[in-house]
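The values are calculated or read from the model by the stated rules, or taken from the named source; none is laboratory data. Remember, predicted model here, so these are calculated numbers, not experimental data. A quick note on method: Cβ atoms are made from the backbone with ideal geometry, for glycine too, and the neighbour counts reach across all protein chains shown. Quick note on the areas: whole protein, heavy atoms, side chains included, nothing else; ligands and nucleic acids left out. Shrake-Rupley method; radii C 1.70, N 1.55, O 1.52, S 1.80 Å.
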Amino acid sequence: MDAADTIAAELRGLADPARAEQEKRYLKSDLEHIGVTVPALRKVAVRAATGLTREETLALADRLWRRPVHECRMAAIEVLIRNAPLLKADDLAVAERMIRESHTWAYVDFLAIKVAGDLVVRHPPLATTLDLWSADANFWIRRTALLALIPGIRAGTGDLTRLAKYGDALIEEKEFFIRKALGWVLRELSKKDPDWVTAWVRDRTDRISGVTIREAVRHLPAHDRDALLTAYRS
C-alpha cells in the first residue's frame, strides 16, 4: 500500500459509525464519512507527513483529497498544514483548487487560515491574489480572502488596509458565511487593536449585519461593545 492507502486503512480502524452518521448529517455531506475525531485524525496525518519533502507532501495530499471520503479530505489538509513551511508561493494554487472543490466550511476554514494565510504571511506579494479572491463569484473564495488575513493579525502584522477594503466591499453581503467571516476577522483583530475595530464598526452600524457585529464586538471592552450594539439597534 502507498501512504494514502495506509492512512485510509488507519482511519477506518478508528471508525465510529454513530459519529459518522451524525457528522454527515450535520455537514450535509455527499461524501462517505467514517467517524474519526479530529485529534485522532490529525495524529495519523501528522505522523504520515513527518519527514516528507515538498513534492511528497503535495502528492500525498492530492491522493488523499481525491478520495470521496470526508476523513481522507481532512487528512489531506492536515498533511499540508503539517508541512506548510515547505510550501512555495506557487502552491497557493493548490489551496485554491481544494477550496473551490470543498463546498463546506469544514475544509475551507483550515485551508484559508493555515495554508493560504500562512503562504501570504511568508510571501507578502501573494496578497494581490487575495484582492482578486475578495471579488470572486465563489463565496467560499471570498470567505478565504477574509480568513487568510487572520495569521497576519495574530502575528501582530495584520494588513488593516486590506481588511478595511474587503470589509467595505463585503459588509452588505447576504451570504451568511461571508458575514460570519468578516465578524470573525474583526474579532481576532479586536484582541490586538480594539480601538481600530471599534472605530471601523462605529462608522458602519447602519450597514453592518447582526451576524457580523455580534462576532466583531465579542472581545471589545464592555462600554465599547454596548455602545456599538445600541447604535446598531437604533
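Below is a table of values for the structure above.
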| item | result |
| --- | --- |
| Fluctuation leader among 135, 145, 112 - the chain, Gaussian network, Cα springs under 10 angstrom | 135 |
| 12 Å beta-carbon shell around residue 17, net charge (K/R +1, D/E -1) | -1 |
| Per residue value of the accessible surface for the stretch 113-189 (all protein chains in place, 1.4 Å probe), Å² | 39 |
| Average Cα contact separation per residue, the chain, under 8 Å, 6 or more apart, as relative contact order % | 11 |
| Most mobile of 97, 142, 82 in a GNM of the chain (Cα contacts under 10 Å) | 97 |
| Over 28 Å (Cα to Cα) - which of 28/88; 43/165; 24/192; 43/192; 114/165; 114/191 fall in this group | 28/88; 43/165; 24/192; 43/192 |
| Accessible area of residue 5 in the full protein assembly, 1.4 Å probe (Å², nearest 10) | 50 |
| Apportionment of accessible area to carbon and sulfur, the stretch 1-142, percent (1.4 Å) | 58 |
| Local electrostatic count, residue 81, Cβ distance below 10 Å [Lys/Arg +1, Asp/Glu -1] | +1 |
| Of all accessible heavy-atom area on the stretch 150-196, the percent that carbon and sulfur account for (1.4 Å) | 50 |
| Charge sum, other residues only, whose C-beta stays under 14 Å from residue 197's C-beta, Lys/Arg counted +1 and Asp/Glu -1 | +2 |
| Pairwise label distance in nanometres, residue 176 with residue 93, each label 7 Å out on the Cα-Cβ vector | 3.5 |
